[in-house]
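Notes follow once the structure below has been shown.
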Amino acid sequence: MRVTGESGSGSGSHRATPRTPPSHSGSGIALLAAALLFGGVLAGAPSEAAAAGVAPSATAPTTDAPSAATPSPSATDRPVWAPPTDGNGSYGLRKGSLQQCVGDASCISSTSVRNPSKFAPPWTWQSATGDEAVAWSSLKALLTRLEEAGGTGAPRVVAVDDAKRYIRSEWPGFPKGVTDVVEFLFVPGDGIVTFRSCSQEVRYIYPFQAPLGDLGANLDHLTRVRMALDWTELSGYSIF
(Lines give C-alpha, C1' and ligand atoms only; values in the text may rest on other atoms or scores of the structure.)
Protein backbone atom coordinates (compact mmCIF):
# COMPACT_ATOMS: atom_id res chain seq x y z
CA MET A 1 0.00 0.00 0.00
CA ARG A 2 1.39 3.34 -1.08
CA VAL A 3 0.30 6.71 0.31
CA THR A 4 1.38 9.91 -1.55
CA GLY A 5 1.05 13.35 0.01
CA GLU A 6 2.36 16.93 0.05
CA SER A 7 3.92 18.83 2.97
CA GLY A 8 5.05 22.46 3.33
CA SER A 9 6.40 24.13 0.20
CA GLY A 10 8.08 21.09 -1.14
CA SER A 11 6.67 17.93 -2.60
CA GLY A 12 7.70 14.39 -1.89
CA SER A 13 6.48 10.89 -1.48
CA HIS A 14 6.31 8.94 1.74
CA ARG A 15 5.96 5.14 1.93
CA ALA A 16 3.55 4.06 4.64
CA THR A 17 3.66 0.49 5.83
CA PRO A 18 0.15 -0.82 6.62
CA ARG A 19 -0.36 -2.23 10.10
CA THR A 20 -1.22 -5.90 10.10
CA PRO A 21 -3.52 -7.07 12.91
CA PRO A 22 -1.87 -9.52 15.27
CA SER A 23 -2.33 -13.11 14.20
CA HIS A 24 -3.94 -15.58 16.60
CA SER A 25 -3.84 -18.50 14.22
CA GLY A 26 -1.11 -20.18 16.16
CA SER A 27 -2.91 -20.03 19.49
CA GLY A 28 -6.26 -20.93 17.82
CA ILE A 29 -4.78 -24.05 16.28
CA ALA A 30 -3.25 -24.95 19.61
CA LEU A 31 -6.60 -24.59 21.38
CA LEU A 32 -8.38 -26.65 18.70
CA ALA A 33 -5.81 -29.39 18.91
CA ALA A 34 -6.13 -29.45 22.69
CA ALA A 35 -9.90 -29.69 22.46
CA LEU A 36 -9.74 -32.55 19.96
CA LEU A 37 -7.20 -34.37 22.07
CA PHE A 38 -9.26 -33.86 25.23
CA GLY A 39 -12.43 -35.05 23.48
CA GLY A 40 -10.65 -38.12 22.15
CA VAL A 41 -9.47 -38.99 25.61
CA LEU A 42 -12.99 -38.67 26.97
CA ALA A 43 -14.44 -40.76 24.14
CA GLY A 44 -11.86 -43.49 24.47
CA ALA A 45 -11.62 -43.66 28.25
CA PRO A 46 -14.07 -46.00 30.03
CA SER A 47 -16.41 -44.46 32.57
CA GLU A 48 -15.98 -45.14 36.26
CA ALA A 49 -19.12 -47.30 36.19
CA ALA A 50 -17.78 -49.35 33.28
CA ALA A 51 -14.39 -49.71 34.93
CA ALA A 52 -16.10 -51.01 38.04
CA GLY A 53 -18.10 -53.50 36.02
CA VAL A 54 -21.41 -51.68 36.54
CA ALA A 55 -23.64 -51.02 33.54
CA PRO A 56 -24.50 -47.34 33.12
CA SER A 57 -28.12 -46.43 33.75
CA ALA A 58 -30.30 -45.80 30.68
CA THR A 59 -31.54 -42.31 30.04
CA ALA A 60 -35.29 -41.99 30.58
CA PRO A 61 -37.06 -41.56 27.22
CA THR A 62 -38.74 -38.26 26.52
CA THR A 63 -42.42 -37.99 25.68
CA ASP A 64 -41.50 -37.34 22.04
CA ALA A 65 -39.41 -40.48 21.65
CA PRO A 66 -40.80 -44.03 21.63
CA SER A 67 -39.93 -46.17 24.60
CA ALA A 68 -37.07 -48.59 24.04
CA ALA A 69 -39.06 -51.21 25.95
CA THR A 70 -41.72 -51.38 23.22
CA PRO A 71 -41.08 -54.57 21.22
CA SER A 72 -40.85 -54.21 17.47
CA PRO A 73 -43.22 -56.45 15.51
CA SER A 74 -41.72 -59.51 13.92
CA ALA A 75 -42.91 -62.70 12.33
CA THR A 76 -42.24 -64.64 15.53
CA ASP A 77 -43.36 -62.01 18.02
CA ARG A 78 -46.77 -60.68 17.04
CA PRO A 79 -47.97 -57.67 19.03
CA VAL A 80 -50.80 -58.46 21.39
CA TRP A 81 -53.03 -55.84 22.94
CA ALA A 82 -54.30 -56.95 26.33
CA PRO A 83 -56.83 -54.72 28.09
CA PRO A 84 -56.08 -53.67 31.67
CA THR A 85 -57.42 -55.50 34.69
CA ASP A 86 -60.79 -55.25 36.42
CA GLY A 87 -62.12 -51.72 36.66
CA ASN A 88 -59.54 -50.21 34.30
CA GLY A 89 -60.89 -50.86 30.87
CA SER A 90 -61.26 -54.61 30.36
CA TYR A 91 -64.45 -55.33 32.31
CA GLY A 92 -66.36 -54.41 35.43
CA LEU A 93 -68.57 -51.48 36.32
CA ARG A 94 -67.56 -47.85 36.01
CA LYS A 95 -69.84 -45.28 37.58
CA GLY A 96 -72.54 -47.90 37.84
CA SER A 97 -72.54 -48.86 34.17
CA LEU A 98 -70.81 -51.35 31.90
CA GLN A 99 -67.78 -49.98 30.11
CA GLN A 100 -67.59 -49.05 26.47
CA CYS A 101 -65.53 -50.86 23.86
CA VAL A 102 -62.02 -49.46 23.46
CA GLY A 103 -59.00 -50.00 21.23
CA ASP A 104 -58.78 -52.71 18.59
CA ALA A 105 -60.42 -55.39 20.71
CA SER A 106 -63.35 -57.28 19.17
CA CYS A 107 -66.22 -56.02 21.26
CA ILE A 108 -69.98 -55.46 21.29
CA SER A 109 -71.61 -53.33 23.98
CA SER A 110 -74.91 -51.61 24.58
CA THR A 111 -72.92 -48.76 26.16
CA SER A 112 -70.60 -48.06 23.20
CA VAL A 113 -72.63 -45.06 22.19
CA ARG A 114 -69.61 -43.32 20.68
CA ASN A 115 -68.68 -46.21 18.42
CA PRO A 116 -71.57 -47.28 16.18
CA SER A 117 -69.63 -50.25 14.76
CA LYS A 118 -69.40 -51.76 18.26
CA PHE A 119 -72.79 -50.72 19.56
CA ALA A 120 -75.84 -52.94 19.90
CA PRO A 121 -79.18 -51.89 21.43
CA PRO A 122 -80.02 -53.21 24.91
CA TRP A 123 -82.65 -55.85 25.59
CA THR A 124 -85.80 -56.09 27.63
CA TRP A 125 -86.83 -59.09 29.68
CA GLN A 126 -90.46 -57.94 29.77
CA SER A 127 -91.22 -60.01 26.68
CA ALA A 128 -90.74 -63.14 28.79
CA THR A 129 -91.84 -62.11 32.29
CA GLY A 130 -93.19 -59.17 34.19
CA ASP A 131 -91.02 -59.80 37.25
CA GLU A 132 -87.46 -58.52 37.41
CA ALA A 133 -86.48 -61.07 40.07
CA VAL A 134 -87.68 -63.89 37.84
CA ALA A 135 -85.76 -62.49 34.86
CA TRP A 136 -82.58 -62.20 36.95
CA SER A 137 -82.91 -65.76 38.23
CA SER A 138 -83.50 -67.00 34.67
CA LEU A 139 -80.28 -65.40 33.43
CA LYS A 140 -78.19 -66.88 36.23
CA ALA A 141 -79.77 -70.30 35.77
CA LEU A 142 -79.11 -70.29 32.01
CA LEU A 143 -75.44 -69.43 32.36
CA THR A 144 -75.00 -72.03 35.11
CA ARG A 145 -76.72 -74.67 32.98
CA LEU A 146 -74.52 -73.91 29.98
CA GLU A 147 -71.42 -74.11 32.16
CA GLU A 148 -72.41 -77.44 33.66
CA ALA A 149 -73.23 -78.88 30.23
CA GLY A 150 -69.67 -78.20 29.10
CA GLY A 151 -68.55 -78.85 25.58
CA THR A 152 -67.34 -76.48 22.88
CA GLY A 153 -68.36 -72.92 23.53
CA ALA A 154 -69.40 -73.47 27.14
CA PRO A 155 -69.10 -70.37 29.38
CA ARG A 156 -67.77 -70.10 32.91
CA VAL A 157 -69.48 -67.83 35.45
CA VAL A 158 -66.83 -65.87 37.35
CA ALA A 159 -68.72 -63.10 39.20
CA VAL A 160 -72.28 -62.51 40.40
CA ASP A 161 -73.61 -59.47 42.26
CA ASP A 162 -77.27 -59.97 43.13
CA ALA A 163 -77.62 -56.54 44.70
CA LYS A 164 -76.41 -54.76 41.55
CA ARG A 165 -77.94 -57.32 39.17
CA TYR A 166 -74.53 -57.83 37.57
CA ILE A 167 -73.04 -61.06 36.25
CA ARG A 168 -69.78 -61.77 34.43
CA SER A 169 -68.81 -64.90 32.51
CA GLU A 170 -65.97 -66.08 30.29
CA TRP A 171 -66.51 -67.73 26.92
CA PRO A 172 -64.13 -69.34 24.41
CA GLY A 173 -63.46 -66.81 21.67
CA PHE A 174 -61.86 -66.67 18.26
CA PRO A 175 -59.16 -67.46 17.36
CA LYS A 176 -58.52 -70.45 19.56
CA GLY A 177 -57.02 -69.50 22.90
CA VAL A 178 -58.71 -66.10 23.13
CA THR A 179 -61.14 -65.55 26.01
CA ASP A 180 -64.23 -63.36 25.64
CA VAL A 181 -65.63 -61.72 28.76
CA VAL A 182 -69.42 -61.41 28.63
CA GLU A 183 -71.21 -59.16 31.14
CA PHE A 184 -74.83 -58.38 31.88
CA LEU A 185 -76.28 -55.59 34.00
CA PHE A 186 -79.94 -54.87 34.70
CA VAL A 187 -81.17 -51.29 34.76
CA PRO A 188 -83.35 -51.27 37.93
CA GLY A 189 -87.01 -50.54 37.38
CA ASP A 190 -86.76 -50.09 33.60
CA GLY A 191 -86.97 -53.68 32.41
CA ILE A 192 -83.74 -53.10 30.45
CA VAL A 193 -80.71 -55.38 30.21
CA THR A 194 -77.36 -53.90 29.20
CA PHE A 195 -74.49 -56.10 28.08
CA ARG A 196 -70.90 -56.18 26.90
CA SER A 197 -68.90 -58.95 25.24
CA CYS A 198 -65.21 -58.24 24.66
CA SER A 199 -62.21 -60.30 23.61
CA GLN A 200 -59.37 -60.08 26.11
CA GLU A 201 -56.70 -60.36 23.46
CA VAL A 202 -56.19 -59.04 19.96
CA ARG A 203 -54.39 -61.04 17.29
CA TYR A 204 -52.95 -59.11 14.37
CA ILE A 205 -52.31 -60.10 10.77
CA TYR A 206 -48.59 -59.76 10.16
CA PRO A 207 -47.09 -57.72 8.53
CA PHE A 208 -50.10 -55.46 7.95
CA GLN A 209 -50.87 -55.06 11.68
CA ALA A 210 -54.59 -55.30 11.01
CA PRO A 211 -56.74 -56.85 13.78
CA LEU A 212 -57.73 -60.40 12.92
CA GLY A 213 -61.25 -59.98 14.32
CA ASP A 214 -63.50 -62.51 16.03
CA LEU A 215 -65.65 -63.70 13.09
CA GLY A 216 -68.71 -62.58 15.05
CA ALA A 217 -67.98 -64.66 18.15
CA ASN A 218 -68.86 -61.93 20.65
CA LEU A 219 -72.20 -61.22 18.99
CA ASP A 220 -72.91 -64.97 18.89
CA HIS A 221 -72.47 -65.26 22.67
CA LEU A 222 -75.00 -62.50 23.25
CA THR A 223 -77.49 -63.79 20.69
CA ARG A 224 -77.32 -67.26 22.19
CA VAL A 225 -78.29 -65.94 25.61
CA ARG A 226 -81.04 -63.64 24.37
CA MET A 227 -82.68 -66.29 22.20
CA ALA A 228 -82.56 -68.90 24.98
CA LEU A 229 -84.33 -66.52 27.39
CA ASP A 230 -86.81 -65.24 24.79
CA TRP A 231 -85.84 -61.67 25.57
CA THR A 232 -86.34 -58.90 23.02
CA GLU A 233 -83.85 -56.54 21.49
CA LEU A 234 -84.95 -52.93 21.70
CA SER A 235 -84.53 -52.39 17.98
CA GLY A 236 -86.10 -48.96 18.14
CA TYR A 237 -83.62 -47.86 20.78
CA SER A 238 -81.03 -45.47 19.40
CA ILE A 239 -78.87 -42.66 20.73
CA PHE A 240 -77.68 -41.50 17.30
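Collect residues whose amide H, placed 1.01 Å from N in the peptide plane, falls under 5 Å from the amide H of C101; neighbours closer than 5 in sequence don't count.
It is S112, by chain and number.
How big is the accessible area of T144 in square angstrom, nearest 10, if you roll a 1.4 angstrom probe over the protein chains?
Roll a 1.4 Å probe over it and T144 shows about 60 Å².
Amide H to amide H under 5 Å from E201: which residues, 5+ apart in sequence or cross-chain, H placed 1.01 Å off N in plane?
T179
Taking square-rooted eigenvalues a ≥ b ≥ c of the alpha carbon gyration tensor, is region 142-205 rounded, prolate or oblate, where a/c under 1.5 means rounded and, failing that, a/b exceeding b/c means prolate?
Numbers: a/c = 2.85, a/b = 1.56, b/c = 1.83.
The shape class here is oblate.
Where a ≥ b ≥ c are the square roots of the eigenvalues of the C-alpha gyration tensor, would you call region 96-218 rounded, which needs a/c under 1.5, or, failing that, prolate if a/b is larger than b/c, or oblate?
Oblate, because a/c is 1.5 or more while a/b does not exceed b/c.
The values are calculated or read from the model by the stated rules, or taken from the named source; none is laboratory data. If you're wondering where the values come from, they're calculated on a predicted model, not measured in any experiment. When the accessible area is computed, the model is the full protein with side chains, heavy atoms only, and any ligands, DNA or RNA have been set aside. Shrake-Rupley method; radii C 1.70, N 1.55, O 1.52, S 1.80 Å.
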